[in-house]
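Please read the structure below before turning to the comments.
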Amino acid sequence: MSKIRKILRMNSQGRSTRFIAAQIESSRNTVRKYLAVLKKSGFTFEEVNNLNDKELEDLFGKTRENNQPSSRMQSMLRCFPHVDKELKKTGMNRQLLWEAYIKEFPDGYKYTQFCTYYNQWKTRVNPTMHMDHKAGDKLYVDFAGEKMNYTDKETGEVIEVEVFVAILGASQLTYVEAVMSQQKEDFIAACENTLHFIGGVPAAIVPDNLKAAVTKSSRYEPTLNETFEDFADHYGTTILPARAYRPRDKALVEGAVKIIYTKVYAPLNKHIYHSLSELNTAIRQALEVHNSQLLKGRNYSRKLQFEEIERQTLAPLPVLRYQFKKHFYARVIKNGHVNLGPDKHYYSVPYRFIGKRVKLLYSRTIVEIYSNYERIALHPR
């Protein structure tokens, strides 16, 4: 009703139909309809303005009811959820989708109008999403700001844990896991569990500039943590850290964290858990419900969208899981051996490296020895 009053007031001030439409963010046809009703009623602006909202509703209500979208418009709007999903497929574009639409609805809108209405629809349905994501392209990862906790059964101690969140760009399939810390061991393990949860490897992983992923932050060339880079090499993916001071780079995962507070934190906070594994079991159950819920304004869920457009675009998982590696520096002694300090165990290297400082990369099962980026020895640990 206030919008109608604005239209009538600006008209009484001699404003043009175009100006009024722009001010109230409506079409000129809508403005003309209300002005036509005013003219037909024979009332002046002052007389209409003195009416209360109910009387104004009685006078202009019929015009508002007739302002519903036409069947032509409704047919196009029903196509937009499908269009939105198809655009995430590699090689698909708006022109091809418009051609399919016009083939089904020959009296439909032309290409330019189709794109304009699609943009307006997308802004209404998901106003915070500004980036288009291709299927299988990026996995966004981060830690939630709020911690969760479980209670030790024997001591009664409440132990706080970090919450890792990951989300695929195209389908928005989400993964959540509680871990003991933000250290690189827990972070990399959570990233690996995510890849096995989604059943494949995206083209890139996008972390925030946390220390477990990035040793030195930079807007242009951040220095990646060596172990995280090794993990990415093992899985055949790329690490693309979010740029400093570029919030849009990580907007998707930050939005996911806010949703997780409602969908996971809220229901789980009502219960007490006695171990990390028990807490993670409850998280997975809440996550299943979240991923299976229909997306706002669409007739499909994150899970359905993932199965339809994204699963097949992911690279296959390697046969073996990643073995977390630590590094240790030592000097080769005169008998051609080098000492791995944490184990107090000696490993042989070629004699020509005697006296040189070398780097040992060791996992739970193997020890690799490097000199100037060249691997010079490999032993079972």
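The values are calculated or read from the model by the stated rules, or taken from the named source; none is laboratory data. Every value quoted in this text rests on a predicted model; they were computed, and no experiment measured them. Here the Cβ positions follow ideal geometry from the backbone for every residue, glycine too, while neighbour counts run over all protein chains shown. Ligands, DNA and RNA are excluded from the accessible area calculation, which covers all protein heavy atoms including side chains. Shrake-Rupley method; radii C 1.70, N 1.55, O 1.52, S 1.80 Å.
The table for this structure:
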| quantity | calculated |
| --- | --- |
| Every residue from region 47-60 that is under 17 Å from residue 2 (Cβ atoms) and in a helix (DSSP H, G or I) | 48, 49, 53, 54, 55, 56, 57, 58, 59, 60 |
| Count of residues meeting criterion [in contact with a Gly (Cβ under 7 Å, 6 or more places away or on another chain) and among the hydroxyl-bearing types (Ser, Thr, Tyr)] in region 303-357 | 3 |
| When residues of region 1-15 are limited to those that are open to solvent by 60 Å² or more (accessible area, probe 1.4 Å) and free of Cβ contacts under 8 Å to residues at least 24 places away in the same chain, the one nearest to residue 120 (Cα to Cα) | 3 |
| Qualifying residues in region 105-119 (those that are open to solvent by 40 Å² or more (accessible area, probe 1.4 Å) and touching a residue at least 12 places away in the same chain (Cβ under 8 Å)) - the one farthest from residue 133 (Cα to Cα) | 107 |
| Residue match in region 16-28 (condition: over 28 Å from residue 120 (Cα atoms) and not in a helix (DSSP H, G or I)) | no |
| Complete set of residues in region 156-182 that are in a loop (DSSP other than H, G, I, E, B), touching an Asp or Glu at 6+ places or on another chain (Cβ under 9 Å) and more than 18 Å from residue 262 (Cα to Cα) | 169, 170, 171, 180, 181, 182 |
| Output for region 183-203, where each listed residue is open to solvent by less than 10 Å² (accessible area, probe 1.4 Å), assigned to a helix (DSSP H, G or I) and farther than 17 Å from residue 287 by Cβ | 187, 188 |
| Residues located in region 329-380, provided they are more than 19 Å from residue 226 (Cβ to Cβ) and either polar (S, T, N, Q) or touching a residue at least 40 places away in the same chain (Cβ under 8 Å) (or both) | 335, 339, 348, 365 |
| Qualifying residue in region 25-35 (condition: at pLDDT below 80 and surrounded by 13 or more Cβ atoms within 10 Å (Cβ to Cβ)) | yes |
| Matching residues in region 219-249 - criterion: being assigned to a helix (DSSP H, G or I) and either at pLDDT 80 or above or buried (at least 17 other Cβ atoms within 10 Å of the Cβ) (or both) | 227, 228, 229, 230, 231, 232, 233, 234, 235, 249 |
| Residue count, region 65-89 (criterion: surrounded by 16 or more Cβ atoms within 10 Å (Cβ to Cβ) and modelled with pLDDT under 75) | 2 |
| Pair list, Cβ < 8 Å and 6+ apart or interchain, from region 147-160 residues that are under 11 Å from residue 275 (Cα atoms) to residues that are acidic (Asp, Glu) and not in a loop (DSSP other than H, G, I, E, B) | 149/160; 150/278 |
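One line per residue, one yes/no per condition, for (1) acidic (Asp, Glu); (2) under 22 Å from residue 165 (Cα atoms):
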site	(1), (2)
286	no, yes
308	yes, no
319	no, no
327	no, no
342	no, no
346	no, no
358	no, no
368	yes, no
